[in-house]
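The values are calculated or read from the model by the stated rules, or taken from the named source; none is laboratory data. Keep in mind the model is a prediction, meaning the values are calculated, not measured. Here the Cβ positions follow ideal geometry from the backbone for every residue, glycine too, while neighbour counts run over all protein chains shown.
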Protein chains: 2
Amino acid sequence: MRVNGESGNLISIRDRGLLYGDGVFRTLLVSEGQALHWPLHYQKLQHDCAALGITCPDFACLSAELAGLLAEHPDAVYKIIVTRGLAQRGYAPSPDSTPTPVWDVLPLPDYPASRILQGATLQLCQLRLGHQPRLAGIKHLNRLENVLAAAECTAADEGLLLDSLGNVIEGTRSNVFLVSRGRLITPALNLCGVAGVQRDRIMDYALRIGMVVEVREVGLDELLAADEVFLSNSVFGLWPVARLEQRRWTDFKVALRLRAALGGAS
Amino acid sequence: MRVNGESGNLISIRDRGLLYGDGVFRTLLVSEGQALHWPLHYQKLQHDCAALGITCPDFACLSAELAGLLAEHPDAVYKIIVTRGLAQRGYAPSPDSTPTPVWDVLPLPDYPASRILQGATLQLCQLRLGHQPRLAGIKHLNRLENVLAAAECTAADEGLLLDSLGNVIEGTRSNVFLVSRGRLITPALNLCGVAGVQRDRIMDYALRIGMVVEVREVGLDELLAADEVFLSNSVFGLWPVARLEQRRWTDFKVALRLRAALGGAS
């Protein structure tokens, strides 16, 4: 674990990351000493920092810290947080605040292989995501909606989140895709939700193999009628969905093809 | 400063307060060794913890910590944070997590007396608050909306926040009240916003002196047409509003009467 460029696992109680959730993060899979898709994660980190007006630490600086960690922890899940730094007084950020980079290293999760071969189960969350276009898509530290949703969705492998209008947005810790008549469809994240690195990679690959890719409003009915449904994130890669409430899916053809192409995720 | 029952100003980077903003807080004014309205603040803290399923530390425990701080810092602003505690894995809270109480002590702000006598200036924020009924009213640590709003509203003493429907909700760090034909009106906070201790005290006092008090949807037009507008929080107490964009107010009669009755705030 590293905080502010040094070894350590403690942060100031005056850091705006704690006080306001004023920061962003990414979760990376590290396998055999390689941080998978680190440049893509950094791009997202930089994008999200910019959206909040936080100065993102240099790629070279973070990469140097990362390299040090990889030598010690070659197989793990890494979390990189960038907060806006120490608070002065009140909500308004100081223009000269220095961001705080934080690295944490977590054990690899031990997901059963059945989630890939037989598919994962989904549960519909009661909590509906609120709309906030200024924060939508950003992986920021204001994650209480995910916490409350995950707390209620313990009967399945993942919880499915709708927004206040009833549209499908994402899983509590994943993005969601539909395959329908050969097209790949994923919800637009301009009003709420988090845009994952793996989501981008899946869309890129689908386009490259000639699939039609649609990013737009997706209703729950459309999801239930889809030929395939799958989930993605940077740790588990891609899970086909076998069940949502009463609906069962058994066709994972496109999902498993995309999963194989992505490679490198557990 | 105290963290987890001991002196200190550092918290674990695995605390859910940092990772997810998974916690609540209150800000107290401390004057001449007294923490003003501490029992009311504790009630709110307990209410907000319950709303998130966090076990609130005992009143006796927190009061004992507070007493120790009061002896050392008799005139200050105190912040009490209660997070859900250390993370296990992922968003779902562990049922046996132990909350982390955090106390911070900040210098008293040096607000000019003119904000009381001549009134404060308000600026309309571009950012609109999103609706999330599950989090509305709670003073939780997911405060990025306030951060972005405060960042843009630097031309006045306080920023006025509307919701996505254009209704008036609150200031970036205060609650807002209207006085209209002798009635006291304040926005309902069931979809967004933070319910302050001072807001409750003002409503209580207004009822006691026989005013009609209305808690409901408030449009911007209604605010602009009000006889008086004022702001409240636990640090500055109550500020009459002298200006919002082109609209000027000069009548502060009800506001200053309520302010005098509240007592004890700077």
- Message: If I go through region A:72-96 residue by residue, how many of them are more than 11 Å from every other protein chain (Cβ to nearest Cβ) and at pLDDT below 95?
- Response: 1
- Among the residues of region A:103-133, how many are closer than 19 Å to residue B:18 by Cβ and touching a Lys or Arg at 6+ places or on another chain (Cβ under 7 Å)? 3
- Task: Output the number of the condition that residue B:116 fails; it satisfies all remaining conditions of (1) in a loop (DSSP other than H, G, I, E, B); (2) crowded, with 19+ Cβ neighbours inside 10 Å; (3) at pLDDT below 95.
- Result: (1)
- Message: So residue A:56 passes all but one of these: (1) in contact with a helix residue (DSSP H, G or I) (Cβ under 8 Å, 6 or more places away or on another chain); (2) buried (at least 16 other Cβ atoms within 10 Å of the Cβ); (3) under 30 Å from residue B:80 (Cβ atoms). Which condition number does it fail?
- Response: (3)
- For region B:98-126, which residues satisfy the criterion of being among the polar types (S, T, N, Q), within 11 Å of chain A (Cβ to nearest Cβ) and more than 21 Å from residue A:136 (Cα to Cα)? B:100
- Task: Those residues that are under 21 Å from residue A:243 (Cβ atoms), of a type outside the set (Ser, Thr, Tyr) and without any contact (Cβ under 8 Å) to a residue 40 or more places away in the chain, I need them from region A:171-209; list them, please.
- Result: A:187
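Yes or no: residue A:56 assigned to a helix (DSSP H, G or I), hydrophobic (A, V, I, L, M, F, W, C) and modelled with pLDDT of 95 or more? Steps first, please.
Values: assigned to a helix (DSSP H, G or I): no; hydrophobic (A, V, I, L, M, F, W, C): yes; modelled with pLDDT of 95 or more: yes.
Spelling it out, it is not the case that residue A:56 is assigned to a helix (DSSP H, G or I), hydrophobic (A, V, I, L, M, F, W, C) and modelled with pLDDT of 95 or more.
Quick one: which residue in B:165, B:224, B:258 is surrounded by fewer than 21 Cβ atoms within 10 Å (Cβ to Cβ), among the hydrophobic types (A, V, I, L, M, F, W, C) and part of a helix (DSSP H, G or I)? Full working, then the answer.
Values: B:165 fails: part of a helix (DSSP H, G or I); B:258 fails: surrounded by fewer than 21 Cβ atoms within 10 Å (Cβ to Cβ).
The match here is B:224.
With A:24, A:30 as the choices, which residue is touching a Pro at 6+ places or on another chain (Cβ under 8 Å), at pLDDT 95 or above, of a type in the set (Val, Ile, Thr) and assigned to a strand (DSSP E or B)? Spell out the reasoning first.
Details: A:24 fails: touching a Pro at 6+ places or on another chain (Cβ under 8 Å).
When all the criteria are applied, what remains is A:30.
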- Message: Among the residues of region A:18-27, are any more than 8 Å from chain B (Cβ to nearest Cβ) and either within 22 Å of residue B:9 (Cβ to Cβ) or free of Cβ contacts under 8 Å to residues at least 60 places away in the same chain (or both)?
- Response: yes
- Listed residues A:146, A:142; which is closer than 20 Å to residue B:89 by Cα, assigned to a helix (DSSP H, G or I) and of a type outside the set (Val, Ile, Thr)? A:146
- Spot the failing condition for residue B:2; the list is (1) more than 12 Å from every other protein chain (Cβ to nearest Cβ); (2) modelled with pLDDT of 95 or more; (3) farther than 21 Å from residue B:142 by Cβ, and only one is missed. (1)
- Note on the structure: Filter region A:66-97 for residues that are among the polar types (S, T, N, Q) and in contact (Cβ under 8 Å) with a residue 40 or more places away in the chain; the one that is surrounded by the fewest Cβ atoms within 10 Å (Cβ to Cβ) is A:97
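Restricting attention to region B:15-70, which residues are charged (D, E, K, R) and closer than 18 Å to residue B:105 by Cα? Can you show your working first?
Of all residues in region B:15-70, those charged (D, E, K, R) come to B:15-16, B:22, B:26, B:32, B:44, B:48, B:58, B:65.
Selection gives B:26, B:32, B:65.
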- Message: Against the condition under 30 Å from residue B:140 (Cβ atoms), assigned by TED's automatic domain parsing to the domain that holds residue A:99 and among the aliphatic types (A, V, I, L, M), how does residue A:24 come out, does it pass?
- Response: yes
- Item | Residue in region A:60-71 that is in contact with a strand residue (DSSP E or B) (Cβ under 9 Å, 6 or more places away or on another chain), at pLDDT 95 or above and either farther than 27 Å from residue A:35 by Cβ or assigned to a loop (DSSP other than H, G, I, E, B) (or both) present | no
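Out of B:178, B:129, which single residue is within 14 Å of chain A (Cβ to nearest Cβ), closer than 20 Å to residue B:221 by Cβ, of a type in the set (A, V, I, L, M) and crowded, with 20+ Cβ neighbours inside 10 Å? It would help to see each step written out before you state the result.
Values: B:178 fails: within 14 Å of chain A (Cβ to nearest Cβ).
Step by step, each of B:178, B:129 is checked, and only B:129 is within 14 Å of chain A (Cβ to nearest Cβ), closer than 20 Å to residue B:221 by Cβ, of a type in the set (A, V, I, L, M) and crowded, with 20+ Cβ neighbours inside 10 Å.
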- Item | Total residues in region B:33-52, condition in contact with a Phe, Trp or Tyr (Cβ under 8 Å, 6 or more places away or on another chain) and in a strand (DSSP E or B) | 1
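Inspect all residues belonging to region A:40-49 and state whether any of them is within 14 Å of chain B (Cβ to nearest Cβ), crowded, with 22+ Cβ neighbours inside 10 Å and in contact (Cβ under 8 Å) with a residue 12 or more places away in the chain. First the steps, then the outcome.
Residues of region A:40-49 within 14 Å of chain B (Cβ to nearest Cβ): A:48-49.
Then keep just the ones that are crowded, with 22+ Cβ neighbours inside 10 Å; that gives A:48.
After this cut, where a residue has to be in contact (Cβ under 8 Å) with a residue 12 or more places away in the chain as well, the list is A:48.
Taking every residue of region A:40-49 in turn, at least one turns out to be within 14 Å of chain B (Cβ to nearest Cβ), crowded, with 22+ Cβ neighbours inside 10 Å and in contact (Cβ under 8 Å) with a residue 12 or more places away in the chain.
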- Pick out the one residue from A:160, A:108, A:124 that is surrounded by fewer than 23 Cβ atoms within 10 Å (Cβ to Cβ) and not in a loop (DSSP other than H, G, I, E, B). A:124
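Report whether or not residue A:63 is within 14 Å of another protein chain (Cβ to nearest Cβ), at negative phi and surrounded by fewer than 22 Cβ atoms within 10 Å (Cβ to Cβ). Before you say what the answer is, go through the steps one by one.
On the way: within 14 Å of another protein chain (Cβ to nearest Cβ): no; at negative phi: yes; surrounded by fewer than 22 Cβ atoms within 10 Å (Cβ to Cβ): yes.
When the stated conditions are applied, residue A:63 does not pass them.
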- Message: If I ask for residues that are assigned to a strand (DSSP E or B) and closer than 24 Å to residue B:30 by Cβ, which ones from region B:231-255 would you list?
- Response: B:231, B:232, B:233, B:237, B:238, B:239
